[in-house]
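The values are calculated or read from the model by the stated rules, or taken from the named source; none is laboratory data. As the structure is a prediction and not an experimental result, all values here were calculated from the model. Cβ placement follows ideal geometry from the backbone for every residue including glycine, while neighbour counts extend to all protein chains displayed. Ligands, DNA and RNA are stripped out before the accessible areas are found, and what is left, the full protein with its side chains, is counted by its heavy atoms. Shrake-Rupley method; radii C 1.70, N 1.55, O 1.52, S 1.80 Å.
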Amino acid sequence: MQKRIAIIGGGIVGATAAYYLSTLPGAQQVKVTLFDDGVGQASKAAAGIISPWLSKRRNQRWYHLAKAGADLYPELIHDAQLGTEVYQQTGTIVTREVPTDLEVLYQLAQQRRQDAATMGEVTTLTAAEVQAKVPLLGNVQPGVFISGGARVDGAALVNDLLDRVSAKNLTVRHERVTLTPKGEVVTSLGARQFDRVIVAAGAWLKDLLVPLGVVADVRAQKGQLIELAVKDYPLQENMPVVMPEGERDFVPFGHGKLIVGATHEDDGKFNLTVDPTVTADLLGSAQRLMPELTADSLAGVRVGTRAYTSDFAPFFGPLPENETFLVASGLGSSGLTTGPQIGRLLAGSALYGGTPDWSEYELPLTTYLAPSAK
């Protein structure tokens, strides 16, 4: 008997879940309908760095999840046959001005590398060596180089993953929906019943769960980044990405494209308007690294809405008291790193059922979800 599964949200979690629901054993018995109105999605506005290993976060569950996400990427990219315009292990450079700070960072990298094979080689670089690897940079600090670090384009990843799913398995509906406690998804054509519903709608999850009598600890945050055209400079496709101390991330994509960002604007919430002041600030950060840049180099601005929780940790899994629904939110600025792993886990749970133990990766869902007051 065919199982009917709905996915609410076509971002990194929803797209990855849809992909795995078409490839996992038994997927031939699944029909997936994905609902997404395409407004404000964080994943499609994002481009970033897959390199969680030097994070100073004290939340070890988050680190295990992020590390698992980084480990999953090479396998996912290979299996889905995605190209280097989506993801490439170019290496990551994290810079520090003070020599003792650089040594602390290097020692942390060596420690983390013991159980993170995806990191690859770890080396310290002088300022001259950093500039040799990234000739674009004019003002350079020494850094730690991690060969397994990567860069990813969120929009390209999401679009290409969904393109890999056969139309026999997946229907995409571009509309906003609501939910009912009976496991129904209410669309423009009426209510439809599903066996399982994966609700991966980012910051919009909070409103979606209200009819289910659930209050979610989720807040919206605006994020902006800029795309620069630097065709007159040596921008090789495999140039490392840079996480410079005190500046925005610097992500070369090859073919003259450079991404710089992103911002974290709590006041912006769901506002998708480009802010010229923020654009100027991002450009200023880029110019401090690459003085030759001018305003004419600006090729575009991406704006999206992230979801955060009070403790900045993501949550995901079957909804307590109503396991027809599986939920995910709170990924924040690490969504491109943690999202594919969350999507894969939710796809398996939706397909096979059972009560998964994901305590290695997250606190109990009741930390973030509570019954609404009657």
- Which of the following residues is touching a residue at least 12 places away in the same chain (Cβ under 8 Å), more than 22 Å from the chain's Cα centre (by Cα) and crowded, with 18+ Cβ neighbours inside 10 Å: Val214, Val278? Val214
- Members of segment 124-158 that are free of Cβ contacts under 8 Å to residues at least 24 places away in the same chain and not in a loop (DSSP other than H, G, I, E, B): Thr124, Ala127, Ala128, Glu129, Gln131, Ala132
- Note on the structure: Exactly one of Ala220, Ala307 is among the hydrophobic types (A, V, I, L, M, F, W, C) and within 24 Å of Leu54 (Cα to Cα), and that residue is Ala307
- Note on the structure: Considering residues that are open to solvent by less than 30 Å² (accessible area, probe 1.4 Å) and either farther than 30 Å from Leu225 by Cα or among the hydroxyl-bearing types (Ser, Thr, Tyr) (or both), the number found within segment 323-352 is 11
- Query: Just one of Thr279, Thr263 is among the polar types (S, T, N, Q), at pLDDT 95 or above and under 30 Å from Thr84 (Cβ atoms); which is it?
  - Reply: Thr279
- Before we move on, is Thr33 open to solvent by 10 Å² or more (accessible area, probe 1.4 Å) and of a type in the set (S, T, N, Q)? no
- From the list Leu125, Leu157, Leu108, Leu136, which one is more than 17 Å from Ile49 (Cα to Cα), within 24 Å of the chain's Cα centre (by Cα) and open to solvent by less than 70 Å² (accessible area, probe 1.4 Å)? Leu108
- Item | Selection status of Val230, modelled with pLDDT of 95 or more, surrounded by fewer than 22 Cβ atoms within 10 Å (Cβ to Cβ) and more than 23 Å from the chain's Cα centre (by Cα) | no
- Of the residues Asp71, Asp79, which single one is more than 17 Å from the chain's Cα centre (by Cα), closer than 18 Å to Ile342 by Cα and in a helix (DSSP H, G or I)? Asp79
- Counting only residues that are open to solvent by less than 10 Å² (accessible area, probe 1.4 Å) and among the hydroxyl-bearing types (Ser, Thr, Tyr), which one in segment 64-99 is farthest from Asp115 (Cα to Cα)? Thr95
- Query: What strands (runs of 3 or more DSSP E) completely inside segment 256-362 contain at least 3 residues that are of a type outside the set (Phe, Trp, Tyr) and more than 30 Å from Leu136 (Cβ to Cβ)?
  - Reply: 325-329
